[in-house]
Amino acid sequence: PDPRNQQFLSTSGIVEGVMKMVSARFLVLRMQADDDEEHNDDQIEPDKPADCYPYLVRRLKGQVTLLLLTLLELRQDSEVHRTIIIRTDTNLLRRRLIFTHRWFLASRHKLGKKPHICMAEGKCILDEYSEDDGINVPDVPPMDLLPGYREENLLDLFEEAFNIMLLIKQLDPFDPKFKTALNPKISEFDNSLQLRLSPDAFHKAQSEYATQCKYNEAYSFYNLWIKMVEVLVEGRVHDLYFRMPVLCHYVLGSEKEEIQNKVTIESAESKVKDFTVRCVNLFQMTLHTRDLSQWTPKLLGWVSLINGGERVRPLLFFLKQDAKNLTNLTHVCLMLAVVLNGLIYKGLELPDNSDVFDTPKIEDHNLRLATFLVGILYVVFITVQLTVVSLTYTPMDYDRIKHDSQKQERRIPETLLFLACFPLVGVLRFFHLLHAISTVVVPLTVFSLFGAIWQPDWNHCPNNCIALAIATAYAGLCRQVIFRRVMLVAMAVCGVVKMEFYYTFLLLDVMFIFSKLQNIIKAVTDPIVSLALTMLVGIILMYEYAVIAFYYYRQDYAHDSCQNMADCTVMTIYLGMREDIGQSINEVYPPQNRSHPNYFHDQEHFYGRVVFDLSFFVLITTIGMNILFGIIVDTFGALRDQVHERETYKKRTTFIASLERSDIDKSARAAGIPSGFEYLEAERQNQWNYMNFIFYLKRKDKINYAGPETLINKLINDEDISWLPLYTCTLQQKQREE
């Protein structure tokens with residue numbers, strides 16, 4: 001933006017012209033809207049005949065209010081701001097916010113007594129904002145009033161109102177009177193005024209209070225959409241206000257948590273760069289989540305006919321508002337798991353006159369019925385979770401794998417060979433050539449092997465639907481959020497079919513729900529390669545000991561458990577891992593009778609056992625097990641230190657600017673702000689506002705970019721972080737200038 005042009009235009013009468021156009025009712029356009037207007041395809045619902053706020057009027061007023069915002073772009077002084085404040089009618093701005101809000105509730109939600117329909121000469125009830133329009137504003141979040149709405153719909157309905165809110169936000173800091181006039185006032189009406197005022201004065205006071213309530217409701221509705229970030233342009237920090245996209249309401253809470261917990265904190269530059277890259281990558285996933293939340297099954301299309309045209313969106317409930325309801329459902333499932341385990345703890349018992357082969361059962365009929373019903377409820381809830389999560393991640397995995405494998409060959413024979421493994425397992429099991437457990441383990445092993453090999457980045461993923469489905473399923477199971485729910489569904493189903501001990505495994509979900517407990521799992525999964533290799537060495541050593549035992553010490557194994565190599569190997573590994581081998585097999589003592597014919601043989605056997613047992617104790621029981629435990633403990637300690645370091649960093653350093661808490665608090669106290677750290681993190685440089693701003697740029701048509709938006713979008717595409725205010729903020733910049 002050119003500062004001289006902005007200054008010239010602000011005093012050329014353009015502000016007054018905008019005010020006149022905003023205040024105009026356009027009575028002719030209102031009455032001719034149904035005949036002359038070509039409805040925009042972006043409109044979610046066509047305007048009704050004689051609507052008091054038709055599309056052409058909405059578009060015109062939205063564009064002229066946008067003109068005022070261009071005069072304020074990247075201003076380094078307050079001259080233009082004060083010029084616009086002088087020429088702006090604050091009462092008009094209040095009336096326009098009230099009008100657009102009430103019009104939306106009346107026309108799109110059918111509230112009130114049709115106050116948006118024009119009467120004679122194009123006038124309507126909403127024109128007189130002090131009149132009773134019969135609208136009771138629903139006490140629900142704004143998104144609940146906008147089901148199925150996209151960016152284009154919001155721009156169509158609220159362009160003027162959002163531009164007015166952006167104008168108010170930018171002018172507020174420069175004039176206390178302007179700020180006081182347009183900030184909402186929350187107070188209760190004093191009914192005792194009726195005793196002290198005349199009827200006309202009391203009626204006027206009531207009308208003013210009703211108008212104030214309408215303005216508060218409109219301001220609150222629009223204010224939730226207006227966000228602000230501090231950006232650095234040409235070495236100076238500027239406040240950049242924008243309207244948060246609808247898309248931001250569909251960001252998964254788990255993805256936000258992952259960004260917060262995994263973004264690098266090695267340096268300020270690497271942190272904000274990693275953050276912006278993660279936000280850009282999250283944009284495509286959020287688009288998919290939004291589309292998924294708006295999906296309506298064809299089988300349920302008829303419901304809209306009896307529901308006032310409202311479509312059924314079964315996934316919207318779980319995916320809206322950062323998937324808060326999906327997270328709540330996870331906690332509900334954990335509570336149901338606790339209830340299930342309480343029931344089996346209370347009711348599980350052995351039948352009368354039972355023997356060792358009898359299975360414990362819940363004998364009490366009421367407890368058995370309650371356990372069955374709660375189990376069914378858990379299966380339903382966890383299956384819903386699995387379905388929603390799978391639909392969220394799996395289609396994106398499929399698209400990625402399909403795109404990356406387009407240049408690969410189809411290789412149908414290789415795929416058919418894979419499918420042949422499953423009936424082969426069934427045949428082997430039918431002829432009792434395969435153990436029951438192997439019928440599950442072998443197919444899973446084959447599936448995991450092919451899934452791991454069929455990866456596009458290995459250039460080995462056949463380009464046919466079966467292979468793509470296998471690779472996609474494997475990619476989904478590699479995600480913790482999907483795999484653990486698959487296992488929970490399996491455990492819950494097994495519990496329902498009268499194997500109640502499977503319900504105990506459902507409680508392990510607590511380790512995934514609470515992030516601080518996940519380090520327990522990571523302490524094993526992160527060093528899994530080191531642990532596996534260490535255990536492989538241990539198994540090889542125990543196998544060698546089993547061979548030696550089969551040669552020389554098989555008679556020392558109880559119950560003839562070392563009479564062949566297979567049994568001897570299994571028993572040696574089993575006894576050696578469970579406890580020391582010397583304590584598990586028969587003890588030996590030095591022979592005392594020298595005249596015994598087997599004295600020298602027994603003596604050789606004794607000293608051989610001494611070496612065998614002690615070496616096993618040192619190598620396996622002591623060194624091997626301590627190495628395994630040491631790897632796990634060291635990993636857990638390192639993870640704990642990382643968590644502590646990250647938490648300490650977040651408490652002491654601001655996220656975007658990387659300013660020390662003590663420095664920003666000192667600057668804030670000088671400006672009369674109690675906590676500068678909280679002020680900067682929550683209002684001025686909120687990290688999620690920066691994510692919202694990136695989404696805003698991605699959703700906005702580039703031809704409609706403002707000057708700074710064009711520059712910042714180019715820098716984001718180039719992974720350049722020079723637009724972010726590192727080591728500075730507006731608060732410190734003002735103090736340096738003063």
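The values are calculated or read from the model by the stated rules, or taken from the named source; none is laboratory data. Here the structure is a predicted model, which means the values were calculated and not measured. Virtual Cβ from ideal backbone geometry, glycine too; neighbours counted across all protein chains shown. SASA here: full protein model, heavy atoms, side chains in, ligands and nucleic acids out. Shrake-Rupley method; radii C 1.70, N 1.55, O 1.52, S 1.80 Å.
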Notebook entry, point to check: Looking at the range 715-738, which of its residues are open to solvent by 40 Å² or more (accessible area, probe 1.4 Å), at pLDDT below 90 and part of a helix (DSSP H, G or I)?
Noted result: 734, 735, 736, 737
Margin query: Report every pair of residues separated by at least 6 positions or lying on different chains whose Cβ atoms are under 8 Å apart, first residue within the range 401-424 and without any contact (Cβ under 8 Å) to a residue 60 or more places away in the chain, second open to solvent by 100 Å² or more (accessible area, probe 1.4 Å) and in a helix (DSSP H, G or I).
Written below: 404/457
Margin query: With the requirement that a residue be modelled with pLDDT under 80 and open to solvent by 20 Å² or more (accessible area, probe 1.4 Å), what does the range 142-153 give you?
Written below: 142, 143, 144, 147
Next item on the list: Read through the list (1) in contact with an Asp or Glu (Cβ under 9 Å, 6 or more places away or on another chain); (2) open to solvent by less than 10 Å² (accessible area, probe 1.4 Å); (3) in contact (Cβ under 8 Å) with a residue 60 or more places away in the chain, then give the number of the only condition that residue 263 fails.
Entry: (3)
Next item on the list: Please name all residue pairs, on different chains or six or more residues apart, with Cβ atoms under 6 Å, provided the first residue is in the range 276-288 and is touching a residue at least 12 places away in the same chain (Cβ under 8 Å) and open to solvent by less than 20 Å² (accessible area, probe 1.4 Å) and the second residue is in a helix (DSSP H, G or I) and among the aliphatic types (A, V, I, L, M).
Entry: 279/691; 279/694; 286/247
Notebook entry, point to check: In the range 666-714, what residues are aromatic (Phe, Trp, Tyr) and either at positive phi or surrounded by fewer than 18 Cβ atoms within 10 Å (Cβ to Cβ) (or both)?
Noted result: 688, 705
Notebook entry, point to check: Can you tell me which of 671, 657 is farther than 16 Å from residue 272 by Cβ and of a type in the set (A, V, I, L, M)?
Noted result: 671
Next item on the list: From the list 328, 366, pick out the single residue that is over 37 Å from the mean Cα position of the chain (by Cα) and open to solvent by 50 Å² or more (accessible area, probe 1.4 Å).
Entry: 366
Note to self: Condition (residue is open to solvent by less than 40 Å² (accessible area, probe 1.4 Å), out of contact with any Cys (no Cβ under 7 Å at 6 or more places or on another chain) and free of Cβ contacts under 8 Å to residues at least 40 places away in the same chain) applied to the range 639-647: is it met by at least one residue?
What the structure shows: no
Next item on the list: Please name all residue pairs, on different chains or six or more residues apart, with Cβ atoms under 9 Å, provided the first residue is in the range 2-21 and is assigned to a helix (DSSP H, G or I) and the second residue is modelled with pLDDT under 90 and open to solvent by 80 Å² or more (accessible area, probe 1.4 Å).
Entry: 3/76
Note to self: Looking only at the range 580-636, count every residue that is under 30 Å from residue 524 (Cα atoms) and surrounded by 11 or more Cβ atoms within 10 Å (Cβ to Cβ) and tell me the total.
What the structure shows: 28
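The rows are residues; the columns are (1) open to solvent by less than 50 Å² (accessible area, probe 1.4 Å); (2) without any contact (Cβ under 8 Å) to a residue 60 or more places away in the chain; (3) β-branched (Val, Ile, Thr).
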site: 509; (1), (2), (3): yes, no, no
site: 515; (1), (2), (3): no, no, no
site: 530; (1), (2), (3): no, no, no
site: 537; (1), (2), (3): no, no, yes
site: 542; (1), (2), (3): yes, no, no
site: 555; (1), (2), (3): no, yes, no
site: 567; (1), (2), (3): no, yes, no
site: 578; (1), (2), (3): no, yes, no
Note to self: For the list (1) open to solvent by 40 Å² or more (accessible area, probe 1.4 Å); (2) closer than 17 Å to residue 214 by Cα; (3) part of a helix (DSSP H, G or I), I need the number of the one condition that residue 181 fails.
What the structure shows: (1)
Margin query: Please list, ordered by residue number, the helices (runs of 4 or more DSSP H) wholly in the range 49-112 having 1 or more residues that are open to solvent by 10 Å² or more (accessible area, probe 1.4 Å) and farther than 23 Å from residue 16 by Cα.
Written below: 55-70, 90-109
Check: From 127, 175, 132, 139, which residue is of a type in the set (Asp, Glu) and closer than 30 Å to residue 287 by Cα?
Finding: 139
Check: Of all residues in the range 470-502 being aliphatic (A, V, I, L, M) and modelled with pLDDT under 85, which is nearest to the chain's Cα centre (by Cα)?
Finding: 471
Next item on the list: Tell me, please, whether a residue that is among the small types (Gly, Ala, Ser), assigned to a helix (DSSP H, G or I) and either modelled with pLDDT under 80 or loosely packed, with under 13 Cβ neighbours inside 10 Å (or both) can be found in the range 409-423.
Entry: yes
